[in-house]
There are 4 protein chains.
Amino acid sequence: MKALVYHGPNQKAWDDVPKPTILADTDAIVRVDAVTICGTDLHILKGDVPAVTDGRILGHEAVGTVDEVGSGVKNLKPGDKVLVSCITACGSCRFCREGRYGQCLGGGGWILGHKIDGTQAEYVRVPFADNSTYPAPAGVADEDLLMLADILPTGYEIGVLNGGIRPGDVVAVVGAGPIGLSAIMGARLFSPSHIIAIDKADTRLEAAKQFGADITINNSREDALAVVHSLTDGLGADVAIEAVGVPATFELAAELIRPGGHVANIGVHGEPATLHLETMWIKDVTITTGLVDTYSTPTLLKLISNGQIAAGQFITHHYGLHDFIEAYDVFSRAGETGALKVVLTRQTN
Amino acid sequence: MKALVYHGPNQKAWDDVPKPTILADTDAIVRVDAVTICGTDLHILKGDVPAVTDGRILGHEAVGTVDEVGSGVKNLKPGDKVLVSCITACGSCRFCREGRYGQCLGGGGWILGHKIDGTQAEYVRVPFADNSTYPAPAGVADEDLLMLADILPTGYEIGVLNGGIRPGDVVAVVGAGPIGLSAIMGARLFSPSHIIAIDKADTRLEAAKQFGADITINNSREDALAVVHSLTDGLGADVAIEAVGVPATFELAAELIRPGGHVANIGVHGEPATLHLETMWIKDVTITTGLVDTYSTPTLLKLISNGQIAAGQFITHHYGLHDFIEAYDVFSRAGETGALKVVLTRQTN
Amino acid sequence: MKALVYHGPNQKAWDDVPKPTILADTDAIVRVDAVTICGTDLHILKGDVPAVTDGRILGHEAVGTVDEVGSGVKNLKPGDKVLVSCITACGSCRFCREGRYGQCLGGGGWILGHKIDGTQAEYVRVPFADNSTYPAPAGVADEDLLMLADILPTGYEIGVLNGGIRPGDVVAVVGAGPIGLSAIMGARLFSPSHIIAIDKADTRLEAAKQFGADITINNSREDALAVVHSLTDGLGADVAIEAVGVPATFELAAELIRPGGHVANIGVHGEPATLHLETMWIKDVTITTGLVDTYSTPTLLKLISNGQIAAGQFITHHYGLHDFIEAYDVFSRAGETGALKVVLTRQTN
Amino acid sequence: MKALVYHGPNQKAWDDVPKPTILADTDAIVRVDAVTICGTDLHILKGDVPAVTDGRILGHEAVGTVDEVGSGVKNLKPGDKVLVSCITACGSCRFCREGRYGQCLGGGGWILGHKIDGTQAEYVRVPFADNSTYPAPAGVADEDLLMLADILPTGYEIGVLNGGIRPGDVVAVVGAGPIGLSAIMGARLFSPSHIIAIDKADTRLEAAKQFGADITINNSREDALAVVHSLTDGLGADVAIEAVGVPATFELAAELIRPGGHVANIGVHGEPATLHLETMWIKDVTITTGLVDTYSTPTLLKLISNGQIAAGQFITHHYGLHDFIEAYDVFSRAGETGALKVVLTRQTN
């Protein structure tokens, strides 16, 4: 079969590789019908994730059709349409029993396209298939459903739920790339009074408005703290969500928060940030970090089925499965191309 | 009357000053029967708290007897024995309505011995007296009750409750000075399986054992991370409490935590710490900070009345009210004197 | 001045009575600009609330203008436009410190139009005025703001928040009178997937659709349990809200709930209900009851200012303040007149 | 092998039956080393649980040694010493993913000794063995560990955690049989100020004192409400736990509760109770019910290993495995024999 294979920093190819086979009795083999590229895949390609080695098939998001199941798979059968989640869960370890699947100690967690071959291929082997896939609800397009593989639960769990957004809140989202937009989309479910998007790119701020931000701040030329204080009697935001992953954006999120507020970090960081405890020790602040667990996927499936989240809004570019090289190119130049999520689908003719 | 007056950095005196009078109708004047010195008072004396100016009477902890009340005081009358809390609460602002009295926007918060004259005197004026004092329960010694003015609610709210300690937890307390000991005493109420005290002074670690720590680590010569990992299958502590207030201890607390764990900062910090987001972004960590609110005082009053917390255990030195200069001397040399809390009481001859 | 006075069961009159005066220094006298009638007032008129005695001015909801304040009132001054809440709070007792103002032990709670004279008058004395009124936000009509005196916080706190509604939930509201409609309006803030209104009157079910119910069941002719089960794979509703106050509706709400679900009782009951523990002991059900505390009023003020709740939707009839007898007549025949909330406003000629 | 077999109401026998075999690949066969009898088994024997039919081996609690595992069992191997939990969990259904294993929709829940053959036998087949057993910790006697199969998690989850017990609380436990004692033992982990045991039998009240109740009320001759009110300024208990399962005890628990309090029902009920909504609607009460989920078993394992709960305190009678008829006789006459838990262990000669 064909797959997008990593060959070391800045090297990838659409290669011929063997079709995966069942290795453990809880595995399923899934034919990939729709797949996307994550910002994390770009990090891998730069060589930033040393656990990913030459020969690895990338990708951790897919919607597909079950092709084959191991003898220990209870709830899936060939022909079932499923969402393949970015998080694989053994289902039995301490953390899986708490719904903290991202921290699975039994061989799961984020492994697809990282420690084992991933979804950017014609077929993918999914371990612990009962706990790592979800039946596709009727009436939802593959492309829309695909947004539940990673980006929507990440924004919802690590941004919105960790942040504890409540009706009437003022929410600041630092970074209006795809993950920030996901947090904005999720935040609206809890009826905050204001969602403030902060970014240095006007195009991303335009997108933020489309996703539901009612206030935008270009912090290359505007003073985010002043705007937030003017809205909040000088107190600060109830919830600030970091959605970039560099020290400056975390530090800005921390600065924007009111006494008693929450800073929810979503960004993937490569270096330490400065925590201004000399001002924050007294402020009753809560800071959270996290890798998505996908415990919210059942809820998000209900919301997407019911038309309450418009997941398709993320999708800016459509490709056939064999156009992976071009799709990567467009996605990696998001600043120019305006790409949010690019989707590649199996040609069915 | 006599009072301990701040006269600029490193200057204090036991001066004759005017007895305070009612300034607002919600004020009470309280005769001080027992009073103590806080580590924060030592910071003030070093000049670290610029809001405290020459002429200020220090102190924010007292047990006393109501001498006079303003016309707007509803629940106190002269002769009542009361606990004077370190936190003053207007009772009506946004934060007071949430029980977040430490952040009071209506003129309260930490003001005694800071923005207004404090308790290290024969009499003290207590604003918003209905919301800032508590009736002394029968059968509790003044000295013991005094420990509820600041140190016990601080350890309990900002360490134990913010940390979310649960039965069976492994709790690491970084710093075994008075505030760390308070957190240890409070932690035991929730039946953790292990309380690990970490400090560089063996004398403080001895005290920690007396207060309920079952494991002690002298991190001037032992590897705290290795000990914690050996107890927790390599995962880390469920809750880590920072009780010092310098970058190194915060960073150690953050390093000791397991995925999904809580870091509760109690320490008063003067400079920023480094937050290792490059390892913590993925760990599902919650970090909290806070100034005590004293919302837990009613609970602690029940526990002390019922003999469930042995508050007297903090008190190492006893003085008469006029011995303030000596008491400060002994308290400021805690390393030599072994002082935890020093208590000064009115001579009743 | 004029006031609506209760004269024993089924007796009321628009009487000349003395204008109220300041009795305690924390009182305010408020000129009533807009006032409404509550279902509870009808219960009082039937003689169901024996604490209300002959001569009592009824009413516990108003928007008005401060006329005079006692010397102990800190945050109000004559001329301020305020919301007068149905709940009066001493601010200092155990329950007020927890935000449980409805249970105030210091002389507050529901007292207006119950234990002391109420708001259906040209002027009303409001005890503990700092804690029992809220400044009117700019740009909100008196009539709309009036809905925050009782009905909106009751539905939101006792129905929506006690029920713990979450995005994606199936919520059943038993009873589509004003309080059920308030619960429906509040529920939408948390993005449930379905809000099912259940009533025996088609006109009320029509109103429920206007307020946001997407499914309506007339349980005089439809099987509510069957409909709820068909929507929920036979499990039942996530949250069921009782909004009537008779045994049959409570028992229906309890029957509709899924394992692990919440039954939130809002209704004012006059007799016991049957709790089917023989089936419910095993179902992991949570049942809550409550009198409104109005702790959510600050949140609701933000939402109404921001246009996120359309409070005016409740108001079906408008009268001058002197038309109380007619307003009561129309409100008491809601089945015929379609009255939800009737509002009486001061003539400003 | 030998097993205790139900043969219809009031009929049981220690029969020769076939040794169980693996039926599904996730099954394990466990040799029973220690087993006990539950009050529920007595209900079954009276014919109160129609789902249990002639020929069923009873029992849902055991400690044993793995004899054989199916090919899909990942975490167990022959020779492992395990706790067999009363709750079986498929691990993949909606409720198992929430840790609500008692409500498992995938074929688990309470099935042992109920819908399939149970543990009162020389061997037992345990479905979904990875999720339904726990490795025995080192240094804990089989008999003590056995108390974690049902009685301890039931009292802890459904009584203590559902009730939300906090330090300083006044807790009333209605019923001082084994399950009430379990709730008392669990309650102490949260440091309530008073645990009040209420029962009609003085011998059970004596046991309650041994388990940690500091106040006992024999409500055949004392007025429980008066005692509770005298301890609580007339307000009522913070938490009331029902541990019997008849209407009168539930109604007493509900009567004892303070405004804002919690009633946690543990009892297995056979008929409806009366819910006095005419007084409770206004009281801000929370009532919970539930079947144990055993999500707390990992916590309880830590506590028992660490010596923080003295599980052996329940065990009043010891038998060999073949003495089941006598053990049932003694357990069923607990009033005379003083039996709390009777344990039967495999003879190892």
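Things worth noting here:
- Ascending list, in nanometres, of distances separating the residue C:141 label from those of the other copies (7 Å, Cα toward Cβ): 4.1, 6.8, 7.7
- Each copy carries a label point for residue D:77 at 7 Å from Cα toward Cβ; from one copy, the others' points are 3.5, 7.8, 8.1 nm away, ordered from shortest.
- Structural descriptor for the range D:1-88: relative contact order 32 percent, calculated from alpha carbon pairs under 8 angstrom and at least 6 residues apart.
- Within the range D:152-288, all pairs of alpha-carbon atoms sorted by distance into 10 Å bins from zero give the percentages 14, 50, 32, 3.
- Euclidean distance between Cα centres, the range C:108-136 to the range D:293-337, Å: 58
- Mean separation of Cα contacts under 8 Å (6+ apart) over length of the range D:93-224, as relative contact order %: 15
- Relative contact order (%) - criterion: Cα under 8 Å, at least six apart; region: the range D:152-288: 25
- At 1.002 mPa s and 20 °C, Stokes D of the range A:281-349 from Kirkwood alpha-carbon radius, µm² per second: 139
- Residues with amide H under 5 Å from that of residue B:122, placed H, sequence gap 5 or more: B:2
- Computed FRET value (nearest 0.05) for residue D:326 with residue A:229, which takes r as the C-beta separation and R₀ as 60 Å: 0.20
- Value at 222 nm in deg cm²/dmol, rounded to 500, when DSSP H runs of n ≥ 4 in chain A each add -39,500 (n - 2.57): -6000 deg cm²/dmol
- Candidate aspartates and glutamates for bridging to residue D:12, where Cα separation is under 19 Å - those fewer than 8 sequence places away on the same chain excluded: D:41, D:48, D:54, D:61, D:117, D:122, D:323, D:326, D:329
- For the range D:79-85, Karplus couplings with θ = phi - 60° (6.51, -1.76, 1.60), whole Hz, Gly/Pro x: x, 5, 7, 9, 8, 9, 7
- Rg/Rh for the range D:40-135, where both radii come from Cα atoms and Rh is the Kirkwood radius: 0.98
- Projecting the Cα atoms of D:168, D:210, D:241 onto the charge dipole of the range D:152-288, computed from C-beta unit charges around the Cα centre, puts D:210 farthest toward the positive end.
- Once backbone amide H atoms are built at 1.01 Å from N, residue C:240 has C:172, C:262, C:263, C:264 as its partners under 5 Å, excluding neighbours fewer than 5 places away on the same chain.
- Separation between Cα centres of the range B:1-58 and the range C:11-30, rounded to whole Å: 46
- Taking amide H as placed 1.01 Å from N in the peptide plane, residue D:309 has its amide H under 5 Å from the amide H of D:304, each at least 5 places away in sequence or on another chain.
- Over the range D:254-305, volume per residue of the alpha carbon convex hull, in Å³: 115
- Percent antiparallel among DSSP beta bridges (both partners in the protein assembly as shown, rounded to 5): 55
- Spread of Cα-to-Cα distances over 20 Å intervals beginning at zero, given as percent, for chain B: 31, 57, 12, 0
- Chain C: DSSP helices with Cα axial extent of at least 20 Å and average Kyte-Doolittle hydropathy no lower than 1.6: none
- Here each label is just a point 7 Å from Cα along the line to Cβ, and for residue D:10 and residue D:43 those points are 2.1 nm apart.
- For the protein assembly as shown, the Kirkwood radius over C-alpha pairs fed into Stokes-Einstein at 37 °C and 0.692 mPa s yields D = 97 µm² per second.
- Rg over Rh for the range C:204-349 works out to 1.03, both radii taken from alpha-carbon positions and Rh defined as the Kirkwood radius.
- Cross-link partners of residue C:74 among aspartates and glutamates, defined as those whose alpha carbon lies under 15 angstrom from its own and excluding same-chain residues fewer than eight positions apart: B:25, B:27, B:130, C:25, C:27, C:130.
- Under 19 Å from a label point set 7 Å out along the Cα-to-Cβ vector of residue D:337, the amide N atoms of the range D:23-47 belong to D:34-47.
- Once you reduce the range B:62-105 and the range C:160-238 to the center of their Cα atoms, the two points are 45 Å from each other.
- Building the convex hull from the alpha-carbon atoms of the range B:114-180 and averaging its projection over directions returns 7.1 nm².
Each reported figure results from applying straightforward, stated rules to the coordinates on display, with no laboratory input. The structure displayed is predicted, hence computed values, not measured ones. Positions of Cβ are generated from backbone atoms using ideal geometry, with glycine treated the same way; all protein chains shown enter the neighbour counts.
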